[in-house]
Each structure stands twice: as C-alpha cells, then as structure tokens.
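Below is one structure, written out as structure tokens; comments come after it.
Coordinate-derived values only; no laboratory data. No experiment lies behind these values; they were computed from the predicted model shown. Note that we place each Cβ from the backbone using ideal geometry, even for glycine, and neighbour counts take in every protein chain shown.
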Amino acid sequence: MDVTWEDCGWERLGPDVGRRRLPTWDATVGLVVGEGTALLFDTGSSLREGAEIRAQAEQLVGRRVTHIALSHPHFDHVLGTAVFSGTEVYGAAGLDALFARGADELASDAVRQGVPETEAAEAADLLVRPHHAVCGEWTLDLGGGRQVLLANIGPAHSGHDLVAVVSTTPPIVFCGDLVEESGEPQAGPDAVPAQWPAALDRLLALGGEDARYVPGHGAVVDAAFVRAQRDALAARIVVS
C-alpha cells in the first residue's frame, strides 16, 4: 500500500506538495515533488530533526531530496541541512557569507531556545552554506510540469528572506516567517520592520488572491490573512 502524507504526519497541500509542522516551535518544512526530484523548504532545528525529516521525505517520495531552499537564517529552519548529502541548496543572496561568520551565534541562539548544547554545536560546525544565491527570482524546474519560483523579498523578518511559490492551481506559497499564524510576527535583532509591509505586498503580488499561504509557524492561511497581518505591521511602524 502506498504511504500517504498523513501516514507520516505531514499535511497534503496539493498534488505532490505537502508540509510538516515540527514539534516544539511549530516550524514548517515543505516538500514539493517533481519528476525524479524533490525540493525541501527548510530543514529543522538540528541534525537529529533533519534526519527524521529526511527519512520521512524519502518514504513519501521514494527518492532522496535533491533541492533545498532555506527561508531565512534562524536556527529552527536551517540547522538540519547537513544531513541531506548531495542536494543543491538555495538561499537569499548574502546568506552564505552570514553563515560563514555567524555559525556560533546561530548555535548560541538555538541553545537559548532549548536545543541541547551538543546538538546545536554539532549542527553549527556542519552548517551548509547555500550553493546558489537568489538575488531576485529564480525558477526551479523540477520536471513533470512542476515549477517553483524562489523569490528574495527581504529584508523583513530577517536580513535574508526567501519564499517559494509552487505552480499548482491555486498556487501554494511557502512564506517562511514573513507570515505567522500561531502567534504574532516575531521581530528579532536582524529584522527590518520598516520594510516588512512592502515584503508582504510583494508576497501577495507573487501568490495572488487565490493562493494558499503557508506560514513559517501555524496553519495555512489565505490572502486576506496575509493582508491583515501586513496592515497590522504597518500600523505598528506608524505608532513607533
């Protein structure tokens, strides 16, 4: 019997597209399946979590992950990357340089948030720098008629925000932490709040009114939710 998305604890979003909400921080990882290919959007908070994601993805699609897109440089989205050998890794322009100089800070942040120190240090030591820097937009052809548009629309939530728009009907948009549903949008020290509303305007232009928007944390939302969050962020800027 074929394994379903639900059998592995994943949520099916569309034909050959799904995601998993990881425990502890409710971070999303997305999976898009092409012809002989598979794109993973984010990789989890540790090598242990990454290995679990890899095993489930391989069980679901019957092959290894071939492409990875990293939404932004926070520990709960990137520290599992090293377990995916032989993949092509994509990130917003500048992410490679940030990883080269900031791995220790990434590990420290993970420890502050509850990742065991040995796990955080190991993942930081093996931190994978993106092979491909996305400056504007980059279309990945995964075969079988499946395309994914990667777009660098930051800085906003972080200094290096990347989203993925999947060519389904309607489109499925992996937003990273530009959109959050399970809590208020979080602005850490690397956030650029003044540019966040414009980034969400760009996100809505890419996805359109009918798209399904997949937050970095929380349930899938629609364009109206994204627009309301954009307006709330803009109002916060005016008040401050």
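A simple spin-label model places pseudo-atoms 7 Å from Cα toward Cβ; at residue 118 and residue 169 they are separated by 5.3 nm.
Looking at the chain only, what percent of DSSP beta bridges run antiparallel? Nearest 5 please. If I count the DSSP bridges inside the chain, around 70 percent turn out antiparallel.
Sites listed here are GluC sites (Glu not before Pro) in segment 138-240 whose DSSP assignment is loop and whose Cβ has at most 10 other Cβ atoms within 10 Å: 209.
Using only alpha carbon pairs under 8 Å that are at least six residues apart, calculate the relative contact order of the chain and give it in whole percent.
RCO, the chain: 16 percent.
Segment 56-133 and segment 171-235 have Cα centres spaced 22 Å apart.
Taken one residue at a time, the phi angles of segment 38-54 give Karplus couplings (6.51, -1.76, 1.60, θ = phi - 60°) of 7, 9, 9, 9, 6, 9, x, 9, 6, 5, 4, 5, x, 5, 5, 4, 4 Hz. Gly and Pro are set to x.
Counting only DSSP beta bridges with both residues in segment 1-133, tell me the antiparallel percent, nearest 5.
Values: 12 of 20 bridges.
Here the antiparallel bridges make up roughly 60 percent for segment 1-133.
Taking Cβ atoms as reference points and 14 Å as the exclusive limit, the residues near residue 134 contribute a net charge of -2, counting Lys and Arg as +1 and Asp and Glu as -1. Taking Rg and Dmax of the Cα atoms in Å as calculated from this structure, the corresponding entry among (1) 17.3, 52; (2) 16.5, 57; (3) 18.4, 56 is (2).
Stretch residue 55-residue 6 to full length: gain in nm at 0.36 nm per residue minus the Cα-Cα span? Fully extending the segment from residue 55 to residue 6 adds 16.2 nm.
FRET efficiency for residue 187 and residue 35, Cβ-Cβ distance as r, R0 = 41 Å, nearest 0.05?
Numbers: r = 40 Å, r/R0 = 0.97.
E between residue 187 and residue 35, to the nearest 0.05, is 0.55.
Highest mobility in the GNM of the chain, judged by mean-square fluctuation with C-alpha springs under 10 Å and restricted to 133, 224, 211, is found for 224. Under a 5 Å amide H cut-off, with hydrogens placed 1.01 Å from N, residue 143 pairs with 35 among residues at least 5 apart or on other chains.
Three principal axis extents describe the C-alpha atoms of segment 64-111; from largest down they are 30, 23, 15 Å.
Taking the convex hull of the alpha carbon atoms in segment 1-46, what volume per residue do you get, in Å³?
On the way: hull volume 4.3 nm³, N = 46.
Taking only Cα atoms, segment 1-46 has a hull volume of 93 Å³ per residue.
Hey, what number do you get for the chain at 222 nm if only DSSP H runs of n ≥ 4 count, each worth -39500 (n - 2.57), divided across all residues, to the nearest 500? Mind dumping the intermediate values first?
Numbers: 6 runs with 75 residues, N = 240.
After summing the helix terms and dividing by the residues of the chain, the value is -10000 deg cm²/dmol.
In Å, the Kirkwood hydrodynamic radius of segment 30-136 over pairs of distinct alpha carbons? Don't skip to the answer; put the middle values down first.
Details: mean 1/r = 0.0731 Å⁻¹.
It works out to 13.7 Å.
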